[in-house]
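Engineer: Dropping the structure in here first, questions after.
The values are calculated or read from the model by the stated rules, or taken from the named source; none is laboratory data. Fair warning: this is a prediction, and the values are worked out from it, not measured in the lab. Here the Cβ positions follow ideal geometry from the backbone for every residue, glycine too, while neighbour counts run over all protein chains shown.
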Amino acid sequence: EMAPEERAFQQKIDADVKIEPKDWMPEGYRKTLIRQISQHAHSEIVGQLPEGNWITRAPTLERKAILLAKVQDEAGHGLYLYCAAETLGISRDQMTEQLLSGKAKYSSIFNYPTLTWADIGAIGWLVDGAAIMNQVPLQRCSYGPYARAMIRICKEESFHQRQGYDIMMKLCRGTPEQKEMAQDALDRWWRPALMMFGPPDDQSVHSAQSMAWKIKLNSNDELRQKFVDQTVPQAEYLGLKIPDPDLKWNEARGHYDFGELDWSEFYEVIKGNGPCNRERMEARRKAWEDGAWFREGLMAHARKKEARRMA
Ligand code: FAQ
């Protein structure tokens, strides 16, 4: 039995009326949004690390400038999303604490290493491609500040995706060694990219409630399937082979069938046992500690200004 205010709230959601920060909302809705938006923000921030690894080694000045701009965009997305989460009554410091203590997650994908330049292409093509697939529908999600943040973020993500595909094109039209490097990157990033969409629907604990609240508009498996269908022709155009012997067009379904993923690997990665989890968290911890003097300086300045105002 729903309380009257909760029934009114659900009616608004069902009618596609946006929920705004000062509107009444169930505690579970607020908590779910804080969890998802903050984890999304943390993903953008941690997501700078694998690519940042290649800024100093980009093959040309132009590639370096593009990569630098992309990584800066990710910092911007993170800050945007922290602000959206703050409208729900949590502070950025609290979110950072939750990340550093391991309570808040960030996307599994950023716990894999970037071994060659082709990985920067594969990340743009596949990781940003998956991110867009997930984020375009979120532009229509029920929470106003999150939906609006997604609009600009999606525009930038589509530039990111194209720069990645452009790197892959260049490598695939290059020497045999370059093409091999592109294939190797696809081989390593394909399955982790498919896991970005989250566990299979029958193991997704939050999906049903989040979909009823329109915090999510599609299920994890729906988006994963859409991503496979979109990406297979792109791989064919590059002349690369998707590393899945079970991948096959299914005429009756009108979709590609694809092989079962190793979900034990996914759960290990989100528990903290992926190839780079420790390194990533260490980098974030160091950034937080190294920034302490600056935060203290800001606070001291604010106190001085306040004291002057009161005098
Ligand atoms: N990694 O019940 P569900 C980017 C967790 S894009 C880690 O299905 P939900 C751009 C989940 O949190 C990447 N954990 O969960 C970029 C939950 O655990 P919890 C970020 C995952 O929330 C590109 C548990 O498993 N995008 O950064 C993952 O309904 C290139 C059960 O799962 C977003 O965050 C995972 N892959 O659905 C940046 C988009 N999947 O929280 C740099 C917004 C699931 O109870 C370079 N988020 N879990 O402890 C979402 O759409 C959803 O949160 C899902 C998960 C779809 C990720």
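Engineer: List every residue pair whose Cβ atoms sit under 8 Å apart, with the two residues 6 or more apart in sequence or on different chains, where the first one lies in the stretch 283-311 and is at pLDDT 95 or above and the second, anywhere, is of a type in the set (Gly, Ala, Ser).
Structural biologist: none
Engineer: Still on this structure: Filter the stretch 194-211 down to the residues that are among the aliphatic types (A, V, I, L, M) and without any contact (Cβ under 8 Å) to a residue 12 or more places away in the chain and list them by number.
Structural biologist: 205, 208, 211, listed by residue number.
Engineer: Right, something else. Looking at (1) surrounded by fewer than 18 Cβ atoms within 10 Å (Cβ to Cβ); (2) within 15 Å of the ligand (Cβ to nearest atom), which is the only condition residue 173 fails?
Structural biologist: The single condition residue 173 does not satisfy is (2).
Engineer: For the stretch 142-157, state whether one or more residues are free of Cβ contacts under 8 Å to residues at least 40 places away in the same chain, over 19 Å from residue 36 (Cβ atoms) and within 15 Å of the ligand (Cβ to nearest atom).
Structural biologist: The answer is yes, given that some residue of the stretch 142-157 is free of Cβ contacts under 8 Å to residues at least 40 places away in the same chain, over 19 Å from residue 36 (Cβ atoms) and within 15 Å of the ligand (Cβ to nearest atom).
Engineer: Quick one: how many residues across the stretch 22-62 are polar (S, T, N, Q) and near the ligand (Cβ under 10 Å from one of its atoms)?
Structural biologist: So the answer is 6.
Residue-by-condition table, conditions (1) hydrophobic (A, V, I, L, M, F, W, C); (2) outside any loop (DSSP other than H, G, I, E, B):
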residue: 12; (1), (2): no, yes
residue: 24; (1), (2): yes, no
residue: 31; (1), (2): no, yes
residue: 35; (1), (2): no, yes
residue: 43; (1), (2): no, yes
residue: 49; (1), (2): yes, yes
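Engineer: A further question on this structure: Return yes or no: is residue 56 assigned to a helix (DSSP H, G or I), among the hydroxyl-bearing types (Ser, Thr, Tyr) and either surrounded by fewer than 16 Cβ atoms within 10 Å (Cβ to Cβ) or modelled with pLDDT under 95 (or both)?
Structural biologist: So residue 56 fits the description; yes.
Engineer: To continue, here is another question. Considering only residues that are of a type in the set (A, V, I, L, M, F, W, C) and without any contact (Cβ under 8 Å) to a residue 40 or more places away in the chain, which ones fall in the stretch 48-70?
Structural biologist: Result: 55, 61, 65, 68, 69.
Engineer: What pairs can you find where one residue is in the stretch 29-47 and modelled with pLDDT of 95 or more, the other is part of a helix (DSSP H, G or I) and within 8 Å of the ligand (Cβ to nearest atom), and their Cβ atoms are less than 7 Å apart, with a gap of 6+ or different chains?
Structural biologist: Pairs found: 32/210; 43/110; 44/74; 44/77; 46/110; 47/74; 47/110.
Engineer: Follow-up. Kindly indicate the residue of the stretch 252-274 that is loosely packed, with under 13 Cβ neighbours inside 10 Å and assigned to a loop (DSSP other than H, G, I, E, B) and also nearest to the chain's Cα centre (by Cα) among those meeting that condition.
Structural biologist: Here the residue is 262.
Engineer: May I pose another question? Please determine whether any residue of the stretch 102-110 is part of a helix (DSSP H, G or I), within 21 Å of residue 270 (Cβ to Cβ) and not small (Gly, Ala, Ser).
Structural biologist: Start the filter on the stretch 102-110 by keeping residues that are part of a helix (DSSP H, G or I), which leaves 108-110.
Still in the list and also within 21 Å of residue 270 (Cβ to Cβ): 108-110.
In the following step, the residues that additionally are not small (Gly, Ala, Ser) were identified as 109-110.
Within the stretch 102-110 (the criterion being part of a helix (DSSP H, G or I), within 21 Å of residue 270 (Cβ to Cβ) and not small (Gly, Ala, Ser)), the answer is yes, since at least one residue qualifies.
Engineer: I would also like to ask the following. So, residue 188, is that one buried (at least 16 other Cβ atoms within 10 Å of the Cβ), closer than 22 Å to residue 226 by Cα and of a type in the set (Lys, Arg) or not? So that I can check it myself, show each step before the final result.
Structural biologist: Working: buried (at least 16 other Cβ atoms within 10 Å of the Cβ): yes; closer than 22 Å to residue 226 by Cα: yes; of a type in the set (Lys, Arg): yes.
Here the answer is yes, as residue 188 does meet what is asked.
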